[in-house]
Amino acid sequence: MPDSITHKIIKEHLVKGEWKKRTEIGIKIDQTLTQDATGTMAYLQLEALGIDRVRTELSVSYVDHNTLQNGFENADDHRYLQSVASCYGIWFSRPGNGICHQVHLERFGSPGKTLLGSDSHTPTAGGLGMLGIGAGGLDVAVAMAGAPFYLDMPEVILVKLEGKLSPWVGAKDLILELLRRLSVKGGVGKVIEYSGSGVKDLSVPERATITNMGAELGATSSLFPSDEVTLEFLREQGRENAWEPLEADKGAVYDQEITIELNKLEPLVAAPHSPDAVKTIEQAGSVSVDQVAFGSCTNGSYDDLWLLSEVMKDKVVHPGVSLVVAPGSRQVLLSLARDGILEKLVSSGARILEPACGPCIGMGQAPPSGGVSVRTFNRNFPGRSGTKDAGVYLAGPAVAAAAAITGRLSDPRKLGEYPRLPETRTLIVDDRMLIAPDIDRRCDKIIRGPNIKPIPGNSLLPETIKAKVLLVVGDNITTDHIMPGGSKVLPLRSNIEALSEFVFESIDHEFASKAREIGEGVIVAGDNYGQGSSREHAALAPMFLGIKAVIAKSFARIHSANLVNFGIIPLLFCETADYNNLSEKDCLIIENVREQLRSKEILIKNDTKGQKFRVKHTLSKRQVDIINEGGLLNYTRKNKLEKN
Ligand code: MIC
Ligand code: SF4
């Protein structure tokens, strides 16, 4: 049977389960990546698994998120990560070397291989034809220990790109168009594969912008073919040996097909506060802009920043705008410096930040009160910028550059002729900020600062759950709502007790104290609960606060898996009316829960309202066993580590 790219890669890596849609499969993971904000917990969990060295082909630990060092915490975590990397045979990308996804694309990504990362934008690697999947830190730790990674066999959507992009219209506009059509839940349970005549004109960084933001569609992954363009990119990186051609077979069958005519696209933005609130510039209106932020793992490439410098040439940033620029990697920053582009940017008034996530995760550069920020990033969830009442527009580099000059949202096509990228451009490859694993290593001691606390444990699932509804929320609740980021909270990622104080802070700032007072709780939610980040802390901290189950209309993939990993039951409403019947403080009783979990439907008694209702689950037997054990760590300790 002719295969899609997705099927080819999965077939080659399938180690458990059957080739059947929506059933659980286990795949072998070739490479892993972690970043510092999720990495400390992932490595604490790796330590708890008791292996002596990672069993993947390659694992990399990046430091890119928590780089603002307001206190000792982040610096301590960096030191911990470096010492773990050296003990376990893991590459270490030092702070200052760049954002994990950009560096991985440049230095390690490989067509046809699998990559599991403790960050939701791991599918960025799909720009190279590599199957990148985001997961919670514990899943990544287990994969590093050499066990399979489990996921539901995805459906595959084919997106055919026809024609050519017009000047001033870019890859970001393409993925925003897809978000407009499919919404933030349109990709859940699916891999998005690109093909068509338009593919060959997209560079690898442009492809990576598109696969990166597949995460915003909720997709499991996104994939481009590996072709001559891929080879050229790898050659530029001195890595042509990593290349292999990869394309779908003729006649491959897809679950859904979409065509995008590239010449019909125009510059787009995602309006506050969701990546799918997509509008044309005209529809968005001539909004006054206070800040423009360039960079992130979506648009931090050389070409993106070069475009900004061309637009800004001989001009200075609008007096009402603060322009901040964070290159995606040290390679990009070095190359920009060599080519005089950095000089142009500084002379135009750009505020240059280190190559890291920075403002994207609220690590500094929060916009002013009620301000508007135009960002080349991928998420504009409320409060994520660090300013609660700021409005963030997501845009491509052309729209963001136009805003930096005019001080308003404006159509870049009015800026005149589109600049031409110099044909002789080369990138500086310098791996001295990457520490390679030492084959003959001696494991010196792992260095732990006082902010690193032991991982809280969980007990076995009881026979009966008696818990109060602690919160009722609507659709599309993000993990930023559940467990916020930002410079105040992120340094606490390895201290769950301290972190748990901030759970649901922006929705109900008394949530943590209520949870502690009540003891056992349930969350009630609408559709797509837990979209966004892969942070397992959005399950681990609620577990610490006594949350036993989440009942939702539907879940985002990574968060649902994280709930299972920490022993919280993800349950689905059978009838929407039952969602409307539940109120905060209702006391819910699930009798014989262990027994009930064996079937797909579960009866819940609402003791407060004297009602009964049914919910369902889509958990595999393996996942039910994990929940019964109180989470994946307990389960793995009991059942010994599986091998690929
Ligand atoms: C994000 O973009 O939200 C993050 C920060 O990169 C997260 C990971 C985290 O919360 O540490 C992600 O996307 O998974
Ligand atoms: Fe970093 Fe932002 Fe990318 Fe997340 S989305 S990895 S915070 S740059």
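The values are calculated or read from the model by the stated rules, or taken from the named source; none is laboratory data. Predicted model only: the values in this text are computed from it and were never measured. Positions of Cβ are backbone-derived with ideal geometry, glycine not excepted, and every protein chain shown enters the neighbour counts. Surface areas here come from the heavy atoms of the whole protein model, side chains and all, with no ligands, DNA or RNA. Shrake-Rupley method; radii C 1.70, N 1.55, O 1.52, S 1.80 Å.
Among the candidates V269, V292, single out the residue that is under 22 Å from S166 (Cβ atoms), touching a residue at least 40 places away in the same chain (Cβ under 8 Å) and in a strand (DSSP E or B). Step through it out loud before you land on a result.
Working: V292 fails: under 22 Å from S166 (Cβ atoms).
Result: V269 is the single residue among V269, V292 that is under 22 Å from S166 (Cβ atoms), touching a residue at least 40 places away in the same chain (Cβ under 8 Å) and in a strand (DSSP E or B).
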Quiz item: Just a yes or no: is a residue in the stretch 8-28 touching a helix residue (DSSP H, G or I) at 6+ places or on another chain (Cβ under 8 Å), closer than 17 Å to I447 by Cα and open to solvent by 10 Å² or more (accessible area, probe 1.4 Å)?
Solution: no
Quiz item: Residues in the stretch 337-344: is at least one open to solvent by 60 Å² or more (accessible area, probe 1.4 Å) and under 22 Å from V159 (Cα atoms)?
Solution: no
Quiz prompt | Residue satisfying condition, being of a type in the set (A, V, I, L, M, F, W, C), more than 23 Å from A208 (Cβ to Cβ), more than 12 Å from ligand 2 (Cβ to nearest atom) and open to solvent by less than 20 Å² (accessible area, probe 1.4 Å), within set A400, A390, A350 | solution = A390
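If only one of G532, G485, G521 is open to solvent by 10 Å² or more (accessible area, probe 1.4 Å) and farther than 23 Å from G71 by Cβ, which one is it? So that I can check it myself, show each step before the final result.
Working: G485 fails: farther than 23 Å from G71 by Cβ; G521 fails: open to solvent by 10 Å² or more (accessible area, probe 1.4 Å).
When all the criteria are applied, what remains is G532.
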Self-check item: Complete set of residues in the stretch 67-124 that are within 19 Å of the chain's Cα centre (by Cα), of a type in the set (D, E) and over 23 Å from I27 (Cα atoms)
Solution: E106
Quiz prompt | Single unsatisfied condition, P368 versus (1) under 30 Å from S506 (Cα atoms); (2) touching a strand residue (DSSP E or B) at 6+ places or on another chain (Cβ under 9 Å); (3) buried (at least 18 other Cβ atoms within 10 Å of the Cβ) | solution = (3)
Self-check item: Hits in the stretch 417-436 - residues which are modelled with pLDDT of 95 or more, of a type outside the set (A, V, I, L, M, F, W, C) and open to solvent by 40 Å² or more (accessible area, probe 1.4 Å)
Solution: E417, Y418, D431, R432
Quiz prompt | Answer from D77, D3 - the residue that is of a type outside the set (K, R), within 16 Å of ligand 2 (Cβ to nearest atom) and either under 22 Å from H537 (Cβ atoms) or modelled with pLDDT of 95 or more (or both) | solution = D77
Practice problem: Could you grab me the full set of residues in the stretch 53-95 that are open to solvent by 10 Å² or more (accessible area, probe 1.4 Å), touching a residue at least 40 places away in the same chain (Cβ under 8 Å) and among the charged types (D, E, K, R)? | Solution: R55, E57, E73, D76, R79, R94
